[in-house]
Amino acid sequence: MTDFKKEYKHAWTSYTEEDLKVLFEYADRYKHFISENKTERECVRSLVKQAEQAGYRNLEDFIKTHTKLSTGDKVYANYMDKSLILCCIGQQPMEEGLNLLGAHIDSPRLDLKPNPLYEDTDIALFKTHYYGGVKKYQWVALPLAIHGVVAKKDGSVVNIVIGEDENDPVVGISDLLIHLAGEQMQKKLSEAITGEDLNVCLGTIPLQGDEKDKIKVKANILKLLNEKYGIEEEDLVSAEIEIVPAGKARDYGLDRSMVIGYGQDDRVCSYASFEAQIEITRPLRTTMTVLVDKEEIGSVGASGMHSKFFENTVAEILNLTGDYSSLKLRRTLARSKMLSSDVTAAYDPNHPSVLEKYNAAYLGKGVVFNKYTGSKGKSGSNEANAEYVAKLRKMAEDNDIIWQTSELGRLDLGGGGTIAYIVANYGMDVIDCGVGVHSMHAPWEVTSKADIYEMRKTYIAFLKNEFI
């Protein structure tokens, strides 16, 4: 009897020369996107610009002018520059339901504390507070960049990027030399580097001048920041500054079959969702792509999926189609179908024990459907209905999509979640759908180009599917 798991296709053996050309072109666009956009704000700014070039218009303009929306109209809603919704109005009434893609654009990183800048033994440093699930030891002894915004009292907002241009300096966090690390090496990995150890080195040159000034190196750093960005130390209180790995995404592997880059969880799904959305015109069912913030810390806050901004935006769009009521809003959401676009763990021969081979995702074997996530007894997960999974199987078969299924790790070992369970509260069908990743949540993550290509194909097919 043939082993069912091994029947999943190896994507690379299925491609024509034309397929490979399209695949590598898409991978290059994707690498460029994650190289240039390392914060949620940068992602939103970039995608709004691309959406407008593709014919999308700001939903606020329609609301202010009371302009009606009709079939084929394309709108976007930018929420706090941290979350983005794109919508193409379909031929059917929205009450019949939406075809939804949902992904997140935040990624694990180091944030600056509210009062971050200090000096110690003639070294200027930033204090940080890690964001999301990180292995803290992975963030030392590598080049880091500074990205973010500073909001000033006069209402202006200054964008900051330091460490990405080849002529820029980079910053970093020092590690303890092996010669003196005897005590450190005896600690557990989770304790060897603590959160309060993640202090970013900024410089060592003192400001020339007042000999009574005891913090001259800090003063010099402030002088440099003021000269370039016009900001004062007190402005850092109203800033959102993120410390991220410096450098561009690159091809990975001698055969260039993979991508290594920062923030692929979950910008690999976000970018594929975006490209799928802008490719759709005059769909039968209204299509919508929701790219949210704060997933890595529980989808909380005003820009996270637990916020009402998604529901409010659907209500505004319904109203502009001339078909709003509270009941119709509820019907629209309940009758919708969604792919919760997020990544999963890929089987890694360096770490085989954490996955169960028959229910693991593999690099190069296509897009991954996770029927459920959660931990232990499926705690905290949404589980997709069997009928919905069957429809997706047929959709994949009809569109020559190479796909596989997966669980997030071996039972009782750990687990995780996505935004799927939140949206499922509306009563809609939802399943997690993304790609497998090596080194997930590390500063540099790895994905297969074949998988991200199949994922993009899946999202396009899903948005076009009538699900009747």
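One chain, two ends: H10 and K214. Fully extended at 0.36 nm per residue, the span grows by 67.1 nm beyond their Cα-Cα distance. Our note on the geometry: Cα centres of region 94-119 and region 148-202, 20 Å apart. Would you calculate, for the chain, the mean residue ellipticity at 222 nm contributed by helices, counting each DSSP H stretch of 4 or more residues as -39,500 (n - 2.57) and dividing by all residues, to the nearest 500? -8500 deg cm²/dmol, from helical runs alone.
Taking all C-alpha pairs of region 1-99, those more than 18 Å from each other amount to 66 percent.
Each of T286, T39 was scored by other Cβ atoms within 10 Å of its Cβ. Listed from fewest to most, they are T39, T286.
Value of Rg to Rh for region 337-407, rounded to two decimals, is 0.97; Kirkwood radius and Rg both from alpha-carbon coordinates.
The lysine pair count for region 109-245, using Cα distances under 15 Å and pairs eight or more places apart or on different chains, is 8. Summarised as an ellipsoid, region 173-323 has semi-axes of 43, 26, 18 Å, derived from the eigenvalues of the Cα gyration tensor scaled by 5 and square-rooted, with the largest first. Considering the chain, its Cα convex hull presents a mean projected area of 26.0 nm². Kirkwood radius for region 273-407, taken over all pairs of different Cα atoms as the inverse mean of 1/r, rounds to 17.7 Å. By the Kirkwood approach, averaging reciprocal distances over each pair of separate Cα atoms, region 384-467 gets a hydrodynamic radius of 14.7 Å. Taking a cut-off of 23 Å, what percent of all Cα-Cα pairs in region 109-245 are separated by more than that? Percent of Cα pairs beyond 23 Å in region 109-245: 38. Listed peptides 445-458, 422-435, 326-339 appear in the order 445-458, 422-435, 326-339 once ranked by packing, highest mean of other Cβ atoms within 10 Å at the front. Based on Cα contacts under 8 Å between residues 6+ apart, region 109-245 shows a relative contact order of 39 percent.
Here, each number is a calculation from the coordinates, and none is a lab measurement. These numbers were taken from a predicted model, which means no experiment stands behind them. Every residue, glycine among them, receives a Cβ derived from its backbone with ideal geometry; neighbour counts consider all protein chains shown.
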